[in-house]
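Beneath this line is the structure, given in structure tokens, with notes to follow.
The values are calculated or read from the model by the stated rules, or taken from the named source; none is laboratory data. Treat the numbers as computed from the prediction; the structure is a model and nothing was measured. Every residue, glycine among them, receives a Cβ derived from its backbone with ideal geometry; neighbour counts consider all protein chains shown. All accessible areas refer to the heavy atoms of the entire protein, side chains included, with ligands and DNA or RNA removed. Shrake-Rupley method; radii C 1.70, N 1.55, O 1.52, S 1.80 Å.
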Amino acid sequence: MFFTKLGILLIGFVYAGLMPFTIRKVIGHLRFDLKRYTLSFLSNTELYGEAYRRAYKRMLFITALLTYIFFWLITWFYNLGAYEKLMRAIDISFASITLLAFLPHNLKPVSLKNLAPSLQRILHNLMAVVVFLALPLLIVSFQVALMPYARFTGVSGLIIIVVVLVLTLLSLLKQGINGATELVLINGISIWTIYITFLTMLH
């Protein structure tokens, strides 16, 4: 149990800090317009070059691995392995983030003349939507499954993620899908991760 908690602590804080820290650093360096572009534009070689595409791919793939490991550890810790929907949600989140990492953004017009780039663009946008939905659903599934075993952690964690989703929805309605809206969700998930990690250490 000690090593499980240690793993949750280490992975939790790395998972919570990786994307916000990396994105903040890149945005400051590139002067990226969050209100105009989604974060996927950072993987566009036509705009930012091959180096940023590779860096974006690595960041997303590491995020996918950390997502899988973190949720696997907390599921193991709270003995929630019997919840099939939760386990399926972990797999879907991991797979969708991984696929998104290996499908860089492009600005090619969708047409039969550019079939490969068109398919890549369509799949990229589809995976981005799946990731945008899958992570909140994964967290909600975890919180609901947790309630019978750790009621305070389950209820309070659910409240936090619901607040994050409301703020994300308000940003979506006000600004549409852009980098600013994505960062509301990303930062919210980071706050939830730190909170759940802290309560798990006290459990």
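Scanning segment 70-125 for residues being open to solvent by 10 Å² or more (accessible area, probe 1.4 Å) and farther than 30 Å from Pro148 by Cα gives a total of 25. Within segment 93-120, the residues that satisfy the criterion of being within 21 Å of Val14 (Cα to Cα) and among the β-branched types (Val, Ile, Thr) are Ile97, Thr98. Select from segment 176-190 the residues that are free of Cβ contacts under 8 Å to residues at least 40 places away in the same chain and assigned to a helix (DSSP H, G or I) and write down the one among them that is surrounded by the most Cβ atoms within 10 Å (Cβ to Cβ). In this case the residue turns out to be Thr181. In the condition set (1) within 20 Å of Gly154 (Cα to Cα); (2) touching a Phe, Trp or Tyr at 6+ places or on another chain (Cβ under 8 Å), Leu73 is compliant with all but (2). Residues in segment 19-43 that are over 18 Å from the mean Cα position of the chain (by Cα) and farther than 15 Å from Glu182 by Cβ were compared, and the one that is surrounded by the most Cβ atoms within 10 Å (Cβ to Cβ) is Leu30. Taken together, the residues in segment 92-122 that are touching a helix residue (DSSP H, G or I) at 6+ places or on another chain (Cβ under 8 Å) and farther than 24 Å from Tyr52 by Cα amount to 3. Just one of the numbered conditions (1) under 13 Å from the mean Cα position of the chain (by Cα); (2) at pLDDT below 95 is not true of Pro148: (1). Being closer than 20 Å to Tyr195 by Cα and β-branched (Val, Ile, Thr), is that true of even one residue in segment 80-101? The answer is yes; a qualifying residue exists.
If the condition is being among the polar types (S, T, N, Q) and buried (at least 18 other Cβ atoms within 10 Å of the Cβ), then segment 45-57 contributes no residue at all.
Are any of the residues in segment 74-85 within 16 Å of the chain's Cα centre (by Cα) and of a type in the set (A, V, I, L, M, F, W, C)?
Quick first cut of segment 74-85, residues within 16 Å of the chain's Cα centre (by Cα) only: none.
No.
Assess whether Tyr149 counts as being farther than 23 Å from Ile27 by Cβ and outside any helix (DSSP H, G or I). It would help to see each step written out before you state the result.
Values: farther than 23 Å from Ile27 by Cβ: yes; outside any helix (DSSP H, G or I): yes.
Spelling it out, Tyr149 is indeed farther than 23 Å from Ile27 by Cβ and outside any helix (DSSP H, G or I).
Being farther than 16 Å from Phe71 by Cα, open to solvent by 60 Å² or more (accessible area, probe 1.4 Å), outside any helix (DSSP H, G or I) and at pLDDT below 95 is a condition met by no residue of segment 167-175.
Give the residue, chosen from Val131, Val140, that is of a type in the set (Val, Ile, Thr) and touching a Ser or Thr at 6+ places or on another chain (Cβ under 8 Å). Lay out the reasoning, then the answer.
Details: Val140 fails: touching a Ser or Thr at 6+ places or on another chain (Cβ under 8 Å).
Every option except Val131 fails the conditions.
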